[in-house]
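Please treat every number below as a calculation from the coordinates, not as lab data. All values derive from a computational prediction rather than experimental measurement. Every residue, glycine among them, receives a Cβ derived from its backbone with ideal geometry; neighbour counts consider all protein chains shown.
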Amino acid sequence: MDDADLLILNTCSIRDKAEHRLYSELGKLREWKALARGRAVGVAGCVAQQQGDALLRRFPQLDFVYGTHNLRRVPEMAAAAFRGVRDSQTEESRSQERFDLPSRHPSLEGDPAGRAFVTVMEGCDMFCSFCIVPSTRGREISRAGAEIVAESRNLVASGIRELTLLGQTVNAYGRHDRRRADARAEREAGAALALAPEDSRESFAGLLARIAKIPGLARLRYISPHPIFFDEDLIRAHAELEVLCPHIHLPLQSGSSRTLERMRRRHTAGEYRQLVERLRESRPDLAITTDLIVGFPGETDADFAETLALVREVSFTDSFIFKYSPRPGTAARSLDGEVSDAVAQARLEELQDLQRSLTLQAHRARVGEVAEILVEGPSRRGGAQLSGRDPFHRIVNFSTEAESPPAPGSLIRVEIVDATPHSLIGVWSGAVDDDRPPRIVKMGASIADERRAVISS
Ligand code: 5AD
Ligand code: SF4
């Protein structure tokens, strides 16, 4: 900060807390800005989109504000700020241009941790009643398939081993384009269908299959899917695509159908349960993680008990649990049945306790396994430990006696020797097997045999 001329605060407005964090940071930046001439401050992201001009009025130390569709404007806004021009840009773009961004700064060649994200769609048209995303990220738009595949190829060619396809409802990818193409085809009796570029009709499963074929790609993931957009092909992809990781983050929000309806999630608890069953039939070792909200307006003890029961039944590997936070302009604000903070807090803690025990149970079941790890770097736990993720997206902290420890971005095998509720603990025995085809340990029915096979190979 001491050396910087320009500071940009990127923001999240999903919950009230994240928004308030921005206000307190901006308060502190008043002093930073006054300490030297020629300093500028910008605010980006969802709070910027939500507040726009109002931020400039409220914080005189702020020079510019740009919303979620205006990242391309940063160079010009920053230049103007240094000339003393204050500006806010928050209009929505519905053009493909919004995806046309350098994926990383040219000076940052390659990704040391071997992982990268690729945006496949943006925005959200689901309007869940608690959620501010449809207003901060705008209408749902999918990126052209050819662009996605080209960017993925380039990343893999530059040494990336793991790609995560990204979108607010990532598995809704292409749905509006397909609907439009179908409507056109109907109007023009098939003519438009033949004319439509092939990838304007591609499904999410089709896109996954294309990316999975990129030579050198070891792992493929996607976040976040919505439960209602799983079709047969996508479920089958989890059995068929070897590089597709055996982990899905599948937001549930609540285990009560009554609450789900008030949340406008468009599925019931039973439908979620069935989806989990079908996914596990397809990929028996699948690790499922989730998002849950407690204290949603009208949530009764009985509703909450249904959430506890479903969480136990599905046995999530992990979950992010949030207290409901009222957001401006969302439909849930007009629902009655406010839940007191004390009740919401008690539910949060009870659900967290349950999750902690389920996570620990899942982790303990892994002890003795040899897991494939994509090395990220030094462990947060400190010491000489390194850290990485296994195919199930679990953090594995491991020690090594080897003289040259594995570099970030390499794929190695680590023996899991212990488990905590937060991570797995492992030991790395030696060789880096980067050039061998990655092998994902399939668990499930023949788990013991598979493990033995991997250990002996
Ligand atoms: N209050 C609490 N949690 C929320 N989420 C989204 N909006 C809210 C809100 N208003 C949670 C949901 C979502 C995750 C990204 O954040 O669980 O899946
Ligand atoms: Fe928000 Fe996700 Fe619902 Fe969209 S689908 S409104 S991003 S919770």
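Data overview
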read-out: Extension gain, Arg86 back to His20 (0.36 nm per residue minus Cα-Cα distance, nm); value: 21.5 nm
read-out: Point-to-point label distance, Asp336-Asp53, nm (Cα→Cβ direction, 7 Å offset); value: 3.8
read-out: Förster-model FRET efficiency, 45 Å R0, Ala302 and Ala157, C-beta, rounded to 0.05; value: 0.25
read-out: Cα-Cα pairs of the chain separated by more than 40 Å (percent); value: 25
read-out: Helix-only [θ]222 nm of the chain, DSSP H runs n ≥ 4, -39500 (n - 2.57) each, per residue, nearest 500; value: -11000 deg cm²/dmol
read-out: Cysteines, the chain, no other Cys beta-carbon under 4.7 Å; value: Cys12, Cys46, Cys124, Cys245
read-out: Label-zone membership for the range 64-89, site Ala36, 7 angstrom Cα→C-beta point, backbone N under 19 Å; value: 64, 78-84
read-out: Pair-distance profile P(r), taking every C-alpha pair of the range 6-92, with 10 angstrom steps and integer %; value: 19, 55, 24, 2
read-out: Electrostatic dipole magnitude of the chain [Cβ: Lys, Arg +1; Asp, Glu -1; Cα centre; debye, to 20]; value: 700
read-out: Extension gain (nm, one decimal) between Arg364 and Ser95, 0.36 nm per residue minus Cα-Cα; value: 92.0 nm
read-out: Inter-label distance, nm, simple model (7 Å from Cα along the C-beta direction), Glu415/Gln274; value: 4.6
